[in-house]
Structures are given as structure tokens and as C-alpha cells.
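Below is one structure, written out as C-alpha cells, with a few remarks after it.
The values are calculated or read from the model by the stated rules, or taken from the named source; none is laboratory data. Remember, predicted model here, so these are calculated numbers, not experimental data. Please note: Cβ atoms are built from the backbone with ideal geometry, for glycine as well, and neighbour counts cover all protein chains shown.
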Amino acid sequence: MKIAIFTDVFLEVPGGIPSSINAQKESLKKLGHEVTVFAPGFTAKDKDVKIVPTHRTLRFNGAPVSKRPGKVISAVLAEYPKFDFDIVHVHYEASCSIAGMKLARRFNRPLIQTMHGREDMAIKVNVPHPVKTLVGSLLCFLHGRYIPHPIVVRRDKKLADTVATAKMWTLMVNHANYADKVITPSQHFADRLKKYGVKKPITVVSNGVADELVADIDKRVDKVNGTLVRKCEKGDVLRIFWNSRISHEKRIMPFLEALAMMKSPYFLSACGDGNAMSKARKFVKQNNMDKKVVFYGRVPHDEVLDKMLGQHISATVSFGFDTQGLTLLEAEATGLPVFFCDPDMKESVPEGGYVMSKSPSPREMARALDELARDAGRIEKMSRVMLKNREAILQSTQIQKLLEVYSA
């Protein structure tokens, strides 16, 4: 098959979505399919990635932003006038993704849409309070200029509890319904999309970790000590790993507050960058945590996996935001137990491989981590559970589910 992938997420920045798209692309190619990815950016190291018209100065969370759909469509057709792809797979809901949807419809190609994230929570967490309604309404209006909005989500007392979040659910639902088939990385997100009006068939296809990365990890570990099983002896410092953006939606500040409350010794290694970095560094300094917390900033993906090998537990503390964190899957692939506070995340991790706090509050997170530190033997048990289930999260496993969606 010739597959066209459209995404607004620049593939060369760290993050779960670009990592999953890249892994998906490589797995499809190994099976003999031809894959072309259309995305914003300035240069492409990968010959399979085509850069669409991109704003020179406009950025979103530091990443490039594509120009309006019409310009993207013109650029794509200049290179592919017959648009001779067998299937179009879209991975977001902004300008480049909209262009992919419109091209699929124009040339009558099967259209698959993967819904990755909770845009309602993105508005709630990242946009200042006075302009939330304005931003949500504007984004919904601009989206509606290209994709019909026959379904209007009204405010309720659940997920669409403000005008802004209701607007974003309107955007997400109508975007999904414009496709032929919809993919989500988790069942709980699929259920919520259906609740708010998605009528098209939804299939859950988990994100996957590239088989090559897992094989490379195994080779490196064999040279060191021959095992990925994590062990924490009584009296050891609890080594905690953060492999997410240092941002408000990932809740880095409540997590740092939790660490400041801990009674047990710990050491946090944090990989990532984001809109809360300066605030996080300031908090660490003010609370004399400099010798307990290190921020590595943006780190190449293979180096992140290297750093994971020396840890006891990986922390992912976003709440109500992530549909499925790739951080959880990568931890599972390396035998690293995980800590979280959102019950939705239990769907992505095998029972017995995680620690969950009773609530997302800093006090409860601190309490859960202190309990773990006092019962260090749990680390080895959780690590063995993770390793036992790692095959399920390999991209080679998940790609078969994707191909079933393509061919159904």
C-alpha cells in the first residue's frame, strides 16, 4: 500500500505522538508498504518526511506550525498532482491534518483519523483563565471553516464544564466524524468520544515502542549486568525518573511539591523541556532540592532510554489529560515500574506493575512514594511484572491491529 500520513506534530521533537508515528512508519515500511509523512518543519532528515508550508516565527510549545490548509493542499498537489495514495491516515486536528482530510475527500481515498489527545484539557491547563473562552471559541470557529460541525456539544457538569471545553469537544467530535474510521490509543478515550457524539467506528490501537529500541536496550543491558530487573535494597535512595515535558499539563509543579514533602531519601532525574521549566528550577532552588533533583533538558530519545536503565520507578502524574502516555509503555519495555495518580492509566499498565496514589494531590503522591521507599522489595516484583508483559506493547504487535483497520 501507499500510505499518506498527515500530522501537525513535528516529528523531530521529543514526545509520545512523534515517537509513536515514527515507530508506526518504520514498522509499515518493514512490511513492504510505502509511507510518506506530511508535517510542518524546516528541514527533514528522513526522506519519507515531506515538509509542508510552515510559519517561520509562529511556534506552539516550541514546535513549528503549518500554514493554513489551502497552502498545504497546494504544496502537496504540486508534488503529487494525482495524489496516488491508497489510504490517508491523519494524526491530529490542526491545519496540516485538516489538509490531509480534505485531500482524502477530494480524491475519494479511505480516511483514518487517530485521535491522540484531550484538546479540552489542553485549553483548560495551558490557556490563561481570562481568555480560555475566546481561544476555545476561535479554534472551534477556524476548524469549522474547513470541517463541518453538525454536532454541537453543550456545556455539562462533566468534561464539557465550560464554554471553552465544550467548544473543544465540538471540534474533536466533528473532526473524528469526518473520517471513515477512527483510532484511539485507549478505550477510556474512545468511550468519551462516543459519549459526546462520535458516530464513526472507533478501534483501540495502542501506541507502540519500536522493536529496534527494545532490542538495542537488551543488548546494552547484557553487556552490563545481563538483566533489566530493577532492585531496590533497604536503605537505598529511591531513584525516580521523569520522562515527560516539564510543563503545566504534565503537572511537574505538584510533583515537585510532593517530593518536597517526602520523608524518605530520593533522587529525581528529569528529561524534557517545556513551559514550566523556569518555575520548576526556581522551586527546586528555593526548597534546597538541588542535590536531589537534576534537570537534563531535552535529551535524544536513545539517551533517555539509557538513563531509564539506572532508575527504580518512572513518574507520570498528569491527570485527566493523557489518553495514553508513551512514557508508560517505554517504562514497561525496559522493565521499569511506574507511578501515577490517574486511574485511567491503569488501562495501559499490567496489574502489579505500578504504584498509584489515592488522589492527584501532592500530599497523597508523597505518601504513596514514601510507602514504596519503605517497602523497597516491591520494586523487583513490579519490574518482573512489567517485563513479563512487554511483548504486548511492541510496535510489531500493534501494527497488525492497524493493518486490520486499514483493510477492513
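Structural remarks
- Scanning the stretch 153-187 for residues that are outside any helix (DSSP H, G or I), touching a Gly at 6+ places or on another chain (Cβ under 9 Å) and hydrophobic (A, V, I, L, M, F, W, C) yields VAL153, LEU159.
- GLU249 fulfils the conditions (1) loosely packed, with under 15 Cβ neighbours inside 10 Å; (2) under 30 Å from ARG155 (Cβ atoms) except for a single criterion, (1).
- Here ARG239 meets the list (1) under 20 Å from TYR354 (Cα atoms); (2) assigned to a loop (DSSP other than H, G, I, E, B); (3) basic (Lys, Arg) almost entirely, failing just condition (2).
- GLY310 being of a type in the set (Gly, Ala, Ser), outside the structural domain of MET121 (by TED's automatic domain parsing), surrounded by fewer than 16 Cβ atoms within 10 Å (Cβ to Cβ) and closer than 17 Å to LEU228 by Cα: yes
- Meeting the requirement of 3 or more residues that are under 16 Å from SER20 (Cβ atoms) and among the hydrophobic types (A, V, I, L, M, F, W, C), the helices (runs of 4 or more DSSP H) wholly within the stretch 311-408 are 326-333, 395-407.
- Residue count for the stretch 242-269, restricted to those that are within 18 Å of GLY325 (Cβ to Cβ) and of a type in the set (Asp, Glu): 1
- Scan of the stretch 229-250 for residues that are modelled with pLDDT under 95 and closer than 22 Å to PRO18 by Cα, ordered by number: ASN243, SER244, ARG245, ILE246, SER247, HIS248, GLU249, LYS250
- Out of LYS194, LYS158, LYS199, sole residue that is closer than 21 Å to VAL90 by Cα, exposed (fewer than 15 other Cβ atoms within 10 Å of the Cβ), outside the structural domain of MET386 (by TED's automatic domain parsing) and free of Cβ contacts under 8 Å to residues at least 24 places away in the same chain: LYS199
- Hits in the stretch 188-202 (condition: part of a helix (DSSP H, G or I) and either β-branched (Val, Ile, Thr) or under 21 Å from SER407 (Cα atoms) (or both)): ALA190
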